[in-house]
Amino acid sequence: MKTRRHSARGFTLIEIMMVVAIIGLTLTLGVPGFLRSLKKEGMRKAESDLLEACQAARRDAIMNNKTTDLVFYPLDASFEVPGSFARAKFPDDILIDIMGVNFIQLEKADEARIHFFSNGTSDEFTIVIRSTSDGSQRLIHLDTVTALAVVEDH
């Protein structure tokens, strides 16, 4: 009569250590890029904040059936929509090259107001922002018929 031996099948310590090492290496390489993509900085933050402010002003004007202003403070590179969007400031590495409302350049003004109307339209608004860190530029302007912001590389 033959006796059968049942051996337990499983992973060896070496195999488990190799899997843990591969997972550790993958996380080490992947996590910093993932975190960097989550954190908005520089040009991405400036674009995002400005587009969000334009959307908030347009939404407020339409929903409340009243003219709403996006207020820019060019001297300290900040902007807000009173009551809808808290004051935001461009990152330190972002400069305003050109800013115009209704075809009038306003870089040196204390304040610039862009009106968003209840019918979904707005004043003409154009701004060119530049990153001092990488030299990239963005032209952001409002479509005066729809008051939607358009972003272009410049």
**Message:** Restricting to the range 111-154, count the residues that are assigned to a loop (DSSP other than H, G, I, E, B) and among the hydrophobic types (A, V, I, L, M, F, W, C).
**Reply:** 4
**Complete:** Looking across the range 98-114 at residues that are among the acidic types (Asp, Glu) and more than 18 Å from Cys54 (Cα to Cα), the single one that is surrounded by the most Cβ atoms within 10 Å (Cβ to Cβ) is Glu107
**Request:** Tell me, please, whether a residue that is within 16 Å of Ala56 (Cβ to Cβ), over 19 Å from the mean Cα position of the chain (by Cα) and open to solvent by 40 Å² or more (accessible area, probe 1.4 Å) can be found in the range 117-127.
**Result:** yes
**Request:** State the number of residues belonging to the range 20-48 that are modelled with pLDDT of 80 or more and either touching a Gly at 6+ places or on another chain (Cβ under 9 Å) or surrounded by 11 or more Cβ atoms within 10 Å (Cβ to Cβ) (or both).
**Result:** 8
**Request:** Identify, by number, the condition in (1) modelled with pLDDT of 90 or more; (2) open to solvent by 30 Å² or more (accessible area, probe 1.4 Å); (3) touching a Phe, Trp or Tyr at 6+ places or on another chain (Cβ under 9 Å); (4) over 21 Å from Lys45 (Cα atoms) that His141 doesn't meet.
**Result:** (4)
**Complete:** Scanning the range 93-123 for residues that are of a type in the set (D, E, K, R) and either at pLDDT 95 or above or within 14 Å of Tyr73 (Cβ to Cβ) (or both) gives Glu107, Lys108, Asp110, Glu111, Arg113
**Message:** Criterion first (farther than 17 Å from Asp49 by Cβ and either surrounded by fewer than 12 Cβ atoms within 10 Å (Cβ to Cβ) or modelled with pLDDT under 90 (or both)) does His154 satisfy it?
**Reply:** yes
**Prompt:** Can you pull out the residues in the range 49-96 that are touching a residue at least 24 places away in the same chain (Cβ under 8 Å), within 21 Å of Gln137 (Cα to Cα) and either open to solvent by 50 Å² or more (accessible area, probe 1.4 Å) or in a helix (DSSP H, G or I) (or both)?
**Reply:** Asp49, Leu50, Leu51, Glu52, Ala53, Cys54, Pro74, Leu75, Leu95
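The values are calculated or read from the model by the stated rules, or taken from the named source; none is laboratory data. Just so you know, these numbers come straight off a predicted model, no measurement behind them. Ideal geometry is used to build each Cβ from the backbone, glycine not excepted, and the neighbour counts take in all protein chains shown. Ligands, DNA and RNA are stripped out before the accessible areas are found, and what is left, the full protein with its side chains, is counted by its heavy atoms. Shrake-Rupley method; radii C 1.70, N 1.55, O 1.52, S 1.80 Å.
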